[in-house]
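Every number here is computed from the coordinates shown, using simple stated rules; none is lab data. Note that the structure is a prediction, hence the values are computed from the model and not measured. Counting neighbours? That spans all protein chains shown, and the Cβs are built from the backbone with ideal geometry, glycine included.
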Amino acid sequence: MRAPIAATLLGLGCAAARRPALSLRMAHRHGLEAAEANEIRRKLLTWFDAERRLLPWRGDAPPFTKELDPSPKPGGKRKRGDSTQTIISSFFSSTKVEPMPTTTTKPEELKEPERVAVPAYGTWVSEVMLQQTRVETVVDYYLRWMEKFPTVEALAAADPEEVNAAWAGLGYYRRARMLQAGAQKIANELNGVFPDTVAGLLSIPGIGDYTAAAVASIAFGRNAPVVDGNVLRVVSRLRCVVNDNKSKGLAEASRTFMAALVGEEPAGEAKVPDEAAFGLDRPGDVNQAIMELGATVCVPSGAPRCGACPVASHCHVRRIADGDAALAPAGDDCTACDLEALSDVLSPRRGVDASLCAALPLKAKKKAPKLQVLAVLLAMSERGGYLMRRRPPTGLLAGQWEFPHVILFDATAQPKPKPKPKPKPKP
């Protein structure tokens with residue numbers, strides 16, 4: 001039996017038990033008021049401008065940041081990556097970018113390079129590549145891709161085999177096929193002009209909610225909120241949303257939080273400029289800043305680097321863990337949290353400390369792996385060639401080459417065992 005929710009939520013676990021009195025009791029809410037959103041934007045953008053990773057799709061000059069300093073000092077100067085790529089494709093601008101000084105120059109002696117404008121096509125390619133793939137892996141692939149297909153027209157006219165070869169190694173090959181399909185629609189039906197709104201971008205094959213919001217905000221300055229895995233993690237901790245990372249509750253709470261943070265434009269209404277609102281003219285950087293925070297500070301594995309977090313003072317979980325505040329009991333109307341999980345995660349037996357931050361968001365249950373047993377034919381000619389076949393155009397690894405095989409056993413095709421009948425009650 002799980003403990004009653006109201007009993008276990010008092011003081012959000014054992015914070016009240018450890019300290020006889022708490023100066024503040026926070027309401028159980030996960031939203032973001034305008035004044036706090038303004039302050040969080042200010043702190044995030046100040047941090048982002050000073051500490052962000054240098055990446056080609058942000059318009060930075062090389063060397064690019066490929067590895068993170070595992071233990072940077074708060075307020076210390078950033079270490080630049082040791083890569084010396086000199087490929088800056090023509091898609092950036094006609095401005096010539098000189099190579100950065102050699103590694104004999106100390107990082108602190110390097111001046112912050114100016115950022116050049118990156119067109120929507122470059123932003124789109126980067127966002128698609130970064131899905132399911134780490135930043136340090138994407139950098140070189142992105143540079144080679146933009147050198148080979150520098151414009152949306154070049155990608156639209158390319159041979160599919162060339163596109164596939166340029167993507168080889170990134171995995172999830174459907175992304176490359178959908179990139180080309182989208183490029184063909186933009187080049188052939190829209191005269192090469194990118195839609196500049198979320199609704200317009202959603203009409204392009206392969207562009208979903210996240211990519212549309214990312215491109216609209218970064219490339220066109222639209223106040224559109226993004227929600228990805230990093231955002232879910234940061235919001236779960238900042239607002240103490242106790243739910244798993246696949247849940248509808250956390251997704252909706254995160255979108256509401258981000259809409260307030262970037263100042264989302266009401267549907268069908270023109271945005272009213274607010275001179276007192278800091279950073280609303282930089283929605284793309286606000287979105288990138290919170291994703292950067294999740295990738296480099298509020299990390300998914302190991303201990304979050306709370307001491308380096310620019311918005312730690314706004315983090316509900318940290319304030320509770322430090323004993324500075326308690327959370328009022330949640331009512332049944334909280335749709336963001338899993339109330340049953342909340343009573344377990346924050347129970348007095350567990351304690352409230354830094355491990356709570358690392359525990360959020362909760363991990364969704366993984367599906368059991370599907371077992372298949374194959375018999376594979378490996379036939380080689382005298383000249384060293386192999387017999388291969390192309391997979392169907394849809395489905396898993398669509399259009400990829402493989403060795404011929406037959407399925408000997410497929411666990412998913414086996415009939416499910418019938419449930420045992422319940423025993424009849426004795427008379």
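Taking K and R as +1 and D and E as -1, what net charge do the other residues with C-beta under 13 Å from the C-beta of GLY395 add up to?
Numbers: positive: ARG174, ARG177, ARG390, ARG391; negative: GLU402.
Counting the neighbours of GLY395, the net charge comes to +3.
Using a Förster distance of 35 Å, how high is the FRET efficiency between MET178 and LYS424, based on the Cβ-Cβ distance and rounded to 0.05? The partial results should precede the final answer.
On the way: r = 56 Å, r/R0 = 1.60.
For R0 = 35 Å, the calculated efficiency reads 0.05.
Where does each of 146-153, 250-257 land if you order them by average Cβ count within 10 Å, highest first?
250-257, 146-153
A 20 angstrom limit on the alpha carbon distance is what I want to check against. Which of LYS248/LYS366; LYS366/LYS420; LYS66/LYS246; LYS248/LYS367; LYS43/LYS363 exceed it? If you can, show how the numbers build up before the last one.
Numbers: LYS248/LYS366 16 Å; LYS366/LYS420 26 Å; LYS66/LYS246 29 Å; LYS248/LYS367 18 Å; LYS43/LYS363 29 Å.
Violating the 20 Å Cα-Cα cut-off are LYS366/LYS420; LYS66/LYS246; LYS43/LYS363.
What is the packing order of peptides 38-44, 48-54, taking the mean over residues of other C-beta atoms within 10 Å and listing the highest first? Numbers along the way, then the final one.
Numbers: 38-44: 20.0, 48-54: 18.1.
The packing order, highest mean first, is 38-44, 48-54.
Gain in length, GLU189 to GLN400, computed as 0.36 nm per residue apart minus the alpha-carbon separation, to one decimal in nm? Numbers along the way, then the final one.
Numbers: separation 211, 0.36 × 211 = 75.96 nm, distance 2.81 nm.
Value of the extension gain: 73.2 nm.
Relative to the present Cα-Cα distance, how much length would full extension add between ALA199 and ARG305 at 0.36 nm per residue of separation? Each step should come with its number before you reach the end.
Working: separation 106, 0.36 × 106 = 38.16 nm, distance 3.69 nm.
Separation in residues times 0.36 nm, less the Cα-Cα distance, equals 34.5 nm.
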